[in-house]
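First up is the structure itself, then whatever we jot down about it.
The values are calculated or read from the model by the stated rules, or taken from the named source; none is laboratory data. Just so it is clear, the structure is predicted and the values come from calculations on it, not from any experiment. FYI the Cβ positions are ideal-geometry reconstructions off the backbone, even for glycines, and counts take in every protein chain you see.
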Amino acid sequence: MVFSRLILLNTPHYNQLTQLVELDRACLGGLWRKKGYQRELDNPDSSLLVLSLESNSIIGCGCFWAILEEAHIVLLMIHPNYQGQGLGQLLLYSLLKKAVNCNLERATLEVQVSNQSAIAVYQKIGFQLAGRRKGYYQKTGKDALILWRGHLNHPRFREDLSHWWSHISDRLSQSSWQLSLEGGDDDISGKNK
Ligand SMILES: CC(C)(COP(=O)(O)OP(=O)(O)OC[C@H]1O[C@@H](n2cnc3c(N)ncnc32)[C@H](O)[C@@H]1OP(=O)(O)O)[C@@H](O)C(=O)NCCC(=O)NCCS
């Protein structure tokens, strides 16, 4: 018998700030501190989503800022022990679904030019290259690619979301994950309304 593992998708709470900082350290080497995450929770234009295990341990987090009609994705991270199992795609899909529900029209982000796994995730979900920022990352001096995904408010995008959802669900079941939305954000349901 194959046992599935529950994964929960939620918005984080103030009492999870320490966990978010620890996850950030493990995934990104310490991008934001506690104050940074607190600022995001306080900011009405910031949307944060977390993936947690049944034990309540947070293993993934994503965030976008709504700026005019654009979703600026500023964070996407999955704990190294859980990467390569479809969870990054689930998180990105969920952020985009939320952006659609907020009536945003376009999504954009910057990604380090050598970050192949992140670029693969963004491209799978339809992001396209729009430009390059030279020496964007202060620590490494590496360039950033600027990626965009337009037409979020177009009916075709809902079809694309539905298509991605079936790929992501298959990917999650291959890794024995079962998504639970209990007590979470109903808007993220795979059933596109
Ligand atoms: C980027 C990140 C969120 C991806 O999360 P993840 O859970 O590993 O992603 P998934 O398992 O959903 O998908 C990874 C996909 O990329 C593909 N991939 C992985 N490494 C790759 C590589 N070197 N080249 C091409 N494709 C690659 C995988 O095949 C997989 O696709 P598949 O499931 O269809 O086979 C995760 O690696 C992470 O947290 N990295 C550190 C933080 C970071 O760099 N964030 C991005 C900042 S812009």
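Just one of Leu109, Leu41 is farther than 28 Å from Gln174 by Cα, among the aliphatic types (A, V, I, L, M), surrounded by fewer than 19 Cβ atoms within 10 Å (Cβ to Cβ) and touching a His at 6+ places or on another chain (Cβ under 9 Å); which is it?
On the way: Leu109 fails: surrounded by fewer than 19 Cβ atoms within 10 Å (Cβ to Cβ).
Criteria check complete, one pass: Leu41.
Looking for something within 11 Å of the ligand (Cβ to nearest atom), closer than 15 Å to Leu28 by Cα and among the polar types (S, T, N, Q) - is there at least one such residue anywhere in the stretch 84-102?
The answer is no; no qualifying residue exists.
Could you grab me the full set of residues in the stretch 114-128 that are surrounded by fewer than 16 Cβ atoms within 10 Å (Cβ to Cβ) and within 14 Å of the ligand (Cβ to nearest atom)?
Ser114, Asn115, Gln116, Ser117, Ala120, Gln123 - these are the residues of the stretch 114-128 that are surrounded by fewer than 16 Cβ atoms within 10 Å (Cβ to Cβ) and within 14 Å of the ligand (Cβ to nearest atom).
Can you list residue pairs whose Cβ atoms sit under 6 Å apart, with the first residue in the stretch 110-126 being at pLDDT 95 or above and the second being among the acidic types (Asp, Glu)? Count only pairs 6 or more apart in sequence or on different chains.
Matching pairs, first to second residue: Val113/Asp143.
Give the stretch 17-39 a look and list any residue that's basic (Lys, Arg) and either in a loop (DSSP other than H, G, I, E, B) or modelled with pLDDT under 95 (or both), or say none.
Arg33
Quick one: which strands (runs of 3 or more DSSP E) lie wholly within the stretch 40-145 and hold at least 1 residues that are charged (D, E, K, R)? Walk me through how you get there before you give the answer.
On the way: elements: 46-53, 58-67, 70-78, 106-112, 128-133.
Of the strands (runs of 3 or more DSSP E) lying wholly inside the stretch 40-145, those with at least 1 residues that are charged (D, E, K, R) span 70-78, 106-112, 128-133.
With more than 21 Å from Val74 (Cβ to Cβ), touching a strand residue (DSSP E or B) at 6+ places or on another chain (Cβ under 6 Å) and in contact (Cβ under 8 Å) with a residue 12 or more places away in the chain as the only criterion, which of Ser162, Ser176 stands out? Walk me through it before giving the result.
Details: Ser162 fails: touching a strand residue (DSSP E or B) at 6+ places or on another chain (Cβ under 6 Å).
Result of the check over Ser162, Ser176: Ser176.
Among the residues of the stretch 62-73, count how many are closer than 20 Å to Gln16 by Cβ and more than 9 Å from the ligand (Cβ to nearest atom).
Total satisfying the criteria: 3.
I'm told Leu109 meets every condition in (1) in contact with a strand residue (DSSP E or B) (Cβ under 8 Å, 6 or more places away or on another chain); (2) away from the ligand (no atom under 12 Å from the Cβ) except one. Can you identify the failing condition by its number?
Every condition holds for Leu109 apart from (2).
Test each condition in (1) farther than 22 Å from Ser47 by Cβ; (2) surrounded by fewer than 18 Cβ atoms within 10 Å (Cβ to Cβ); (3) at pLDDT 95 or above for Lys139 and report the one that comes out false.
(3)
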